[in-house]
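Here the structure is laid out as structure tokens; the discussion comes afterwards.
Where a number appears in this text, it was derived from the coordinates with a stated rule and is not lab data. The structure displayed is predicted, hence computed values, not measured ones. Cβ: placed from backbone, ideal geometry, glycine included. Neighbour counts: every protein chain shown.
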Amino acid sequence: MIFAPRPLGKKTLDPETLAADRKACLRAGPCGLGQRALYLGGRCFERRFYLPWGEVKRVFKRVAMSRGGFTGKGVFGSAAYLVVQFGRDGEKQCFFRRESDIDGALDWIGRERPGVPTHSAAAEKKLAAAEAAEQARFLKELTAEAEATLETLNGAKAFLDGRPGSSRRLAAAARQKRIADNLKPAYLAGGTLVAVLGAAAALCGLAGLLRHSPGAGYFLAGGGAAFFTALASGTLPSRWNSKKHARREWDLALADCRAALAGRDFPVPPQYAHPAVLERMIRAVRMGRAVTPEEALAVVKADLRALNSSVTVSRRDYDEVVAVKPLFLVCDYRDNLE
């Protein structure tokens, strides 16, 4: 390897083993999941560092929200990081452009490396407290119909848990379609204008530097900052924010779910086939808010509709809502899309 990964901890792998493991690793954003080590991205290069699994103490997701997000009210835009703790006090975090890549990596670690915790120590305590509080809200006894509903919902959730790729693809396609549908043409025009002016200023600054003109460095720095800001904002016209592309990806993801559920008496329509939806339906039944699958789905819809800036949500609810609310929004909460 031209640029061999550097060890973050004290343990290392021999060059041959390291090269083979890195080549065969499962890629997740800037990181990699190998059989012998976990690979982490650096500032400029992907999978630049590595940690043998024996040194990994804890891996979890950290979400940085906008300033108002820390109040715990509503749903906010966020930046997601994969955090790895190792050694005595070592910690390394990697930024991911797509939060779904982190979720996929944590799912893989949970399956392949069950001894590695996938929540922070503080989150584990909060989850335990939240679980205890939730258990207290569940009914001690359920009717026979409610028990039958729980059995159906648990079976459906187990089926979806066995096909995590389909659910993640459906959620990602819904989220992207929601963004593309709500991206106004004025934003695209503004982003393009800023990018063009920034690039022009940067080129002028570069030419000025070659001629040793005073102040050229300011043009280069300012123009470059404007260009990359527009690039990172997602407002430049591209296939990723194209309504046509987003619609095609949504149609393909929905068709995949429909094919997977064909011939099955599934308790939710294919466009809502996500484990988090089933989990929220299960909680609704166990709390006595619903008895049948239809009633449980109606409760989930009502809860999602009620979410606004005045509603306080827990970390778990935040993760679930971010994953599944776009599924309902792009369908306008309809069960029949024909």
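Residues whose amide H comes within less than 5 Å of that of LEU26, counting only those at least five positions distant or on another chain, are LEU33, GLY34 (H built at 1.01 Å from N in the peptide plane). Rounded to the nearest Hz, the phi-derived 3J(HN,Hα) couplings of the range 96-106 under the Karplus curve 6.51 cos²θ - 1.76 cosθ + 1.60 (θ = phi - 60°) are 10, 5, 10, 5, 5, 5, 5, 4, x, 5, 5, where x marks glycine and proline.
Among rounded, prolate and oblate, which fits the range 147-217 when a ≥ b ≥ c are the square roots of the eigenvalues of its C-alpha gyration tensor, a/c under 1.5 means rounded, and a/b larger than b/c means prolate? It comes out prolate by the Cα gyration axes.
Quote the FRET efficiency, to the nearest 0.05, computed for ASP332 versus ARG88 with a Förster distance R0 of 56 Å and r equal to the Cβ-Cβ distance. Taking R0 as 56 Å, the efficiency between ASP332 and ARG88 is 0.60.
Simple spin-label estimate for ARG98 and ALA133 gives 3.4 nm between the two label positions (7 Å along the Cα-to-Cβ direction from each Cα).
Of all lysines in the structure, the ones whose alpha carbon falls short of 28 Å from that of LYS57, not counting any fewer than 8 places away in one chain, are LYS10, LYS11, LYS23, LYS92, LYS125, LYS126.
Shown is the FRET efficiency for GLU46 and ARG113, computed with R0 = 30 Å from the Cβ-Cβ distance and rounded to the nearest 0.05: 0.90.
Can you tell me the orientation of helix 15-24 relative to the chain, as the angle in degrees between its alpha-carbon axis and the longest Cα principal axis, to the nearest 10? Long axis of 15-24 versus the principal axis of the chain: about 60 degrees. How far is helix 144-161 tilted off the main Cα axis of the chain, in degrees rounded to 10, range 0 to 90? Orientation of helix 144-161: about 30 degrees from the principal axis.
Dividing the Cα radius of gyration of the chain by 2.2 N^0.38 Å, with N the residue count, gives 1.17.
Report, to the nearest 10°, how far helix 121-137 tilts away from the longest principal axis of the Cα atoms in the chain, using its own Cα long axis and a range of 0 to 90°. Orientation of helix 121-137: about 20 degrees from the principal axis.
In terms of distances greater than 24 angstrom between alpha carbons, the cross-link table entries LYS61/LYS244; LYS157/LYS244; LYS61/LYS325; LYS157/LYS325; LYS177/LYS325; LYS184/LYS325 yield LYS61/LYS244; LYS157/LYS244.
Which shape class, rounded, prolate or oblate, goes with the range 109-155 when its Cα gyration tensor gives a ≥ b ≥ c as root eigenvalues, a/c under 1.5 marks rounded, and past that a/b bigger than b/c marks prolate? Because a/c hits 1.5 or more and a/b fails to exceed b/c, the range 109-155 counts as oblate. Extending 7 Å from Cα along the Cβ direction at THR192 and again at LEU206 yields two label points whose distance is 2.3 nm.
Note on LYS140: no aspartates and glutamates have a C-alpha under 12 Å away, same-chain residues under 8 apart excluded. Seen through its C-alpha gyration tensor, with square-root eigenvalues sorted a ≥ b ≥ c, the range 184-234 comes out prolate because a/c lies at 1.5 or above while a/b is bigger than b/c.
Computed from backbone phi, the HN-Hα couplings of the range 255-260 come to 5, 5, 5, 4, 5, 5 Hz, rounded to whole numbers (Karplus: 6.51 cos²θ - 1.76 cosθ + 1.60, θ = phi - 60°; Gly and Pro given as x). The simple spin-label model puts a point 7 Å past each Cα toward its Cβ; for LYS301 and ALA148 those points are separated by 2.3 nm.
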